[in-house]
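**Q** Encoded as structure tokens, here's the structure I'll be asking about.
The values are calculated or read from the model by the stated rules, or taken from the named source; none is laboratory data. In this text the structure is predicted, and so the values were computed from the model without any measurement. As a convention, Cβ positions derive from the backbone with ideal geometry for all residues, glycine included, and neighbour counts pool all protein chains shown.
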Amino acid sequence: MMADPLPPLREVIARHRLRADRRLGQNFLLDLNLTRRIARAAAPLDQATIYEVGPGPGGLTRALLAEGARHVVAVERDARAIPALEEIAAAFPGRLSILHGDARTLEERAVLPAGPLKIVANLPYNVGTALFVRWMQGDWPPFWQSMTLMFQREVAERVTARPGGKAYGRLAILAQWRARAHILFTLPPKAFTPPPKVESAVLQVTPADPLVPDLDPRALERVVEASFSRRRKMLRSSLKQLTEDPGALLLSAGIDPTARAETIDLAGFCRLARQWQARRSLSP
């Protein structure tokens, strides 16, 4: 850990006339003690490139560098924040690369350095879920070693939810069938400028071996999407959009056709998706 040589973040924001733009989902986290806590949660930082999305004026960026990050690649859509980030790059020579662009359309494997990589970000509220879903899909193991992300608390709870509750659904299954996810700590609205209307939570995700290795992720995604499309309905009704005989499909997976989606555990959805995948492959 090293001292942060830069002026207080409030001073930087005032000098550059930066204001959080709600249209971009921005809420600035100004307390450097909190940003350092997030950075330490992602440790060790000196053995991988750190990929940060939406750094804004750079509070978390500064914390990552001060806590020993070898190299940070920060992607920022808001051009107003680039000068403040460039000041950080000058204070930590050779350790910060700034990409001005939209992370939603970025081809990460093409632009990020080869080698170990961790994602650490205070994600903009309006794009956080979409980015998380994209990072959880595709080839496995993924291009990242771990993700330490700040979300709205409600979203983090949906990622870590267990069967039987209202939070349990697509995000939980997408995350948990081939990764481990847990909430590290929460932050109150007053920690941010401007204060959001909801609490935030820092979530950590690490890849794991898929629960069912030969399962096509697209099959699981499709089955889960259909199952929760009408979560108050029985599965034999919800899955009519996938098959003409949902009852037989459910019974082949060992699931009661009268069950509802929120009561089925991860293993059950994997069995169901594998059965649907097998039936599709046998179709003429």
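**Q** How many residues are without any contact (Cβ under 8 Å) to a residue 40 or more places away in the chain and either assigned to a helix (DSSP H, G or I) or of a type in the set (Lys, Arg) (or both) when one looks only at segment 133-150?
**A** 2
**Q** Which ones in segment 195-212 are part of a loop (DSSP other than H, G, I, E, B), closer than 21 Å to Thr160 by Cα and modelled with pLDDT under 95?
**A** Matches in segment 195-212: Val198, Glu199, Asp209, Pro210, Leu211, Val212.
**Q** Further, regarding this structure: Step by step: first the residues of segment 190-213, then only those that are more than 18 Å from Gln137 (Cα to Cα) and within 20 Å of the chain's Cα centre (by Cα), then the one that is surrounded by the most Cβ atoms within 10 Å (Cβ to Cβ). Which residue is that? I'd like the intermediate steps shown before the answer.
**A** So in segment 190-213, the residues more than 18 Å from Gln137 (Cα to Cα) come out as 190-202.
So of that shortlist, the ones also within 20 Å of the chain's Cα centre (by Cα) come out as 192, 196, 198-202.
On the way: Phe192: 20, Pro196: 19, Val198: 14, Glu199: 14, Ser200: 25, Ala201: 21, Val202: 22.
Result: Ser200.
**Q** Are any of the residues in segment 40-56 under 13 Å from Asp4 (Cβ atoms) and crowded, with 16+ Cβ neighbours inside 10 Å? Let's see the steps before the verdict.
**A** Applying the first criterion (under 13 Å from Asp4 (Cβ atoms)) to segment 40-56 yields none.
The answer is no; no qualifying residue exists.
This table checks each residue for (1) without any contact (Cβ under 8 Å) to a residue 40 or more places away in the chain; (2) assigned to a strand (DSSP E or B); (3) under 19 Å from the mean Cα position of the chain (by Cα).
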{"position": "Val12", "(1), (2), (3)": "no, no, no"}
{"position": "Arg40", "(1), (2), (3)": "yes, no, yes"}
{"position": "Gln47", "(1), (2), (3)": "no, no, no"}
{"position": "Leu64", "(1), (2), (3)": "no, no, yes"}
{"position": "Pro93", "(1), (2), (3)": "yes, no, no"}
{"position": "Ser97", "(1), (2), (3)": "yes, yes, no"}
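**Q** Given the conditions (1) more than 20 Å from Arg40 (Cα to Cα); (2) at pLDDT 95 or above, and given that Asn126 satisfies all but one, which numbered condition is not satisfied?
**A** (2)
**Q** Can you tell me which residue among Phe228, Phe192 is among the aromatic types (Phe, Trp, Tyr), modelled with pLDDT under 95 and either in contact with a helix residue (DSSP H, G or I) (Cβ under 7 Å, 6 or more places away or on another chain) or assigned by TED's automatic domain parsing to the domain that holds Arg134 (or both)? Quick ask: steps written out before the conclusion?
**A** On the way: Phe228 fails: modelled with pLDDT under 95.
Of Phe228, Phe192, the one residue that is among the aromatic types (Phe, Trp, Tyr), modelled with pLDDT under 95 and either in contact with a helix residue (DSSP H, G or I) (Cβ under 7 Å, 6 or more places away or on another chain) or assigned by TED's automatic domain parsing to the domain that holds Arg134 (or both) is Phe192.
**Q** Somewhere in segment 151-164, is a residue closer than 23 Å to Leu45 by Cβ, assigned to a strand (DSSP E or B), in contact (Cβ under 8 Å) with a residue 40 or more places away in the chain and polar (S, T, N, Q)?
**A** Among the residues of segment 151-164, not one is closer than 23 Å to Leu45 by Cβ, assigned to a strand (DSSP E or B), in contact (Cβ under 8 Å) with a residue 40 or more places away in the chain and polar (S, T, N, Q), which makes the answer no.
**Q** Considering segment 73-87 alone, what residues qualify as being in contact with a Ser or Thr (Cβ under 6 Å, 6 or more places away or on another chain) and surrounded by 24 or more Cβ atoms within 10 Å (Cβ to Cβ)? Let's see the steps before the verdict.
**A** Let us first name the residues in segment 73-87 that are in contact with a Ser or Thr (Cβ under 6 Å, 6 or more places away or on another chain), namely 73-74.
Ala74 - this is the single residue of segment 73-87 that is in contact with a Ser or Thr (Cβ under 6 Å, 6 or more places away or on another chain) and surrounded by 24 or more Cβ atoms within 10 Å (Cβ to Cβ).
**Q** Can you tell me how many residues in segment 99-132 are in a helix (DSSP H, G or I) and either touching a strand residue (DSSP E or B) at 6+ places or on another chain (Cβ under 6 Å) or surrounded by fewer than 20 Cβ atoms within 10 Å (Cβ to Cβ) (or both)? Write out each step before concluding.
**A** Step one: of segment 99-132, the residues in a helix (DSSP H, G or I) are 103-105, 108-111, 128-132.
Those left that are additionally either touching a strand residue (DSSP E or B) at 6+ places or on another chain (Cβ under 6 Å) or surrounded by fewer than 20 Cβ atoms within 10 Å (Cβ to Cβ) (or both): 103-105, 108-111, 128-130.
Here the count works out to 10.
**Q** Might you check whether a residue that is over 16 Å from Phe92 (Cα atoms) and in the same structural domain as Val120 (by TED's automatic domain parsing) occurs anywhere in segment 55-67? So that I can check it myself, show each step before the final result.
**A** Step one: list which residues in segment 55-67 are over 16 Å from Phe92 (Cα atoms), which gives 56.
Next cut, in the same structural domain as Val120 (by TED's automatic domain parsing) only: 56.
Within segment 55-67, one or more residues are over 16 Å from Phe92 (Cα atoms) and in the same structural domain as Val120 (by TED's automatic domain parsing).
**Q** Within 19 Å of Leu32 (Cα to Cα), surrounded by fewer than 17 Cβ atoms within 10 Å (Cβ to Cβ), under 16 Å from the mean Cα position of the chain (by Cα) and not basic (Lys, Arg): is that true of Thr186 in this structure?
**A** On the way: within 19 Å of Leu32 (Cα to Cα): yes; surrounded by fewer than 17 Cβ atoms within 10 Å (Cβ to Cβ): yes; under 16 Å from the mean Cα position of the chain (by Cα): yes; not basic (Lys, Arg): yes.
Yes, satisfied.
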